[in-house]
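Reading through the structure tokens given below for one structure.
The values are calculated or read from the model by the stated rules, or taken from the named source; none is laboratory data. None of the values given here were measured: they were computed from a predicted structure. As a convention, Cβ positions derive from the backbone with ideal geometry for all residues, glycine included, and neighbour counts pool all protein chains shown. Please note that ligands, DNA and RNA were not included when accessible areas were found on the heavy atoms of the full protein model with its side chains. Shrake-Rupley method; radii C 1.70, N 1.55, O 1.52, S 1.80 Å.
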Amino acid sequence: MIPEYKSGVDSIVLPGATREEILQVVRELGQPAYRAEQIAQWVYRHAVGDYAQMTNLPLALRQSLAERLPLRRLQVVRAQQSADGTVKYLFALADGEQVEAVFLPYDDRTSVCISSQVGCAAGCRFCATAQMGFSRSLTAGEMVDEVLTIGQMAGRRISHVVYMGMGEPLWNLQEVVKSILLLNKEVGISQRHITVSTVGVVPAIYELAQHRLQITLAISLHAPDDDLRARLMPVGRKWKVQELIEAARHYTEVTGRKVTFEYLLLRGVNDEPHHARALAKLLKGMVCNVNLIPFNQVDTPDGFTRPEPQRVTRFRAELERAGITVTQRVEKGHDISAACGQLKLQTAGNRS
Ligand code: SAH
């Protein structure tokens, strides 16, 4: 166990330290304030992995910093490139735990999908990550490092970040918010280009709203009623669909941001026209988008399957007829099993 990394909240490490925290260390070492700017630039803009590379800092300072403000980066365990340019990474954290993240290049932007926890406690029936159980939450620094490392490996500036990898970001709210602020202020990614996806942790949605960030909140709804939702997602037993809608409304009121409702389509389970009509009724009058996600085939105990394109089209048309704005996830990386949790499961399977 590496205690200071596990509890990154009370220790200052890089990446992860804010500008103020770096400044505090710089002052303790009797150095001028501009050193904090230099260090932040090296780590968050140039993604260096070693103080030795910070050539504009005096050698003695680099040595003291290495002790006082440890700099350590994620290790790439595996990288799998798809024919469409998507790259899926498996990273090792300092304590040996592993998480996944995905690089998604588009014509007009570069997006990174990051993990917020090792495994997940939500237990959604259709999700590969759920099958691993929950190990621990990531620190802000580890989450920022996923973005830094991918930008570095791709040799590209990352414009968008989505918290849609392994884990439930709102069960790691404090560190997730810290990581968003670091990505925004230090790495230079616009808050409007950051999306946090949640299973629907109602109290945490209210808490997130208080931070008044300009990010997009995406809520994994996946069913228009309590019974069906609870069947697919155990959290549905704790928080009712109506409570979730209320929380989303509150989020929009406080932040002025339109909420996205994600709707995973499972063949014959939640993809019938009557489900679409019930969904439209539920969302009537809300400032929102619906993002349709056809199931990414993973083996689950319930044997869920992916709907054919015509079923997806039919569902979409039903929503649009009711005046709902619908987007559909641009799917990438099918040939490399880029769906959440798949690479880690595969790698674990290969090892055994
Ligand atoms: N815990 C968060 C974020 C991680 S999952 C959440 O639940 O929102 C990101 C999205 O992928 C969620 O909408 C999730 O329901 C969806 N997802 C999980 N497994 C999937 C699969 N096999 N195919 C398609 N989408 C999946």
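The table for this structure:
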| item | result |
| --- | --- |
| Elements of type strands (runs of 3 or more DSSP E) in the range 235-352, at least 1 residues being at pLDDT 95 or above and over 25 Å from the mean Cα position of the chain (by Cα) | none |
| Residue that is most open to solvent (accessible area, probe 1.4 Å) [pool: residues in the range 27-38 that are farther than 19 Å from VAL187 by Cα and outside any loop (DSSP other than H, G, I, E, B)] | ARG27 |
| Strands (runs of 3 or more DSSP E) contained entirely in the range 88-192, each with at least 2 residues that are over 11 Å from the mean Cα position of the chain (by Cα) and closer than 23 Å to GLU21 by Cβ | 134-137 |
| Residues that are in contact with a strand residue (DSSP E or B) (Cβ under 8 Å, 6 or more places away or on another chain), over 27 Å from TYR263 (Cα atoms) and either among the charged types (D, E, K, R) or surrounded by fewer than 22 Cβ atoms within 10 Å (Cβ to Cβ) (or both), drawn from the range 180-201 | ASN184 |
| Exclusive hit being over 20 Å from GLY141 (Cβ atoms), part of a helix (DSSP H, G or I) and open to solvent by 50 Å² or more (accessible area, probe 1.4 Å), set GLN41, GLN24, GLN63 | GLN63 |
| Meets criteria (over 18 Å from the mean Cα position of the chain (by Cα) and part of a strand (DSSP E or B)) for GLN80 | yes |
| Residue tally, condition open to solvent by 10 Å² or more (accessible area, probe 1.4 Å) and assigned to a helix (DSSP H, G or I), over the range 205-234 | 8 |
| Condition met for GLN174 (away from the ligand (no atom under 16 Å from the Cβ), farther than 30 Å from PHE304 by Cα and assigned by TED's automatic domain parsing to the domain that holds CYS124) | yes |
| Every pair of residues 6+ apart whose Cβ atoms lie under 8 Å, when the first sits in the range 314-332 and is assigned by TED's automatic domain parsing to the domain that holds ASP107 while the second is part of a helix (DSSP H, G or I) and acidic (Asp, Glu) | VAL326/GLU320 |
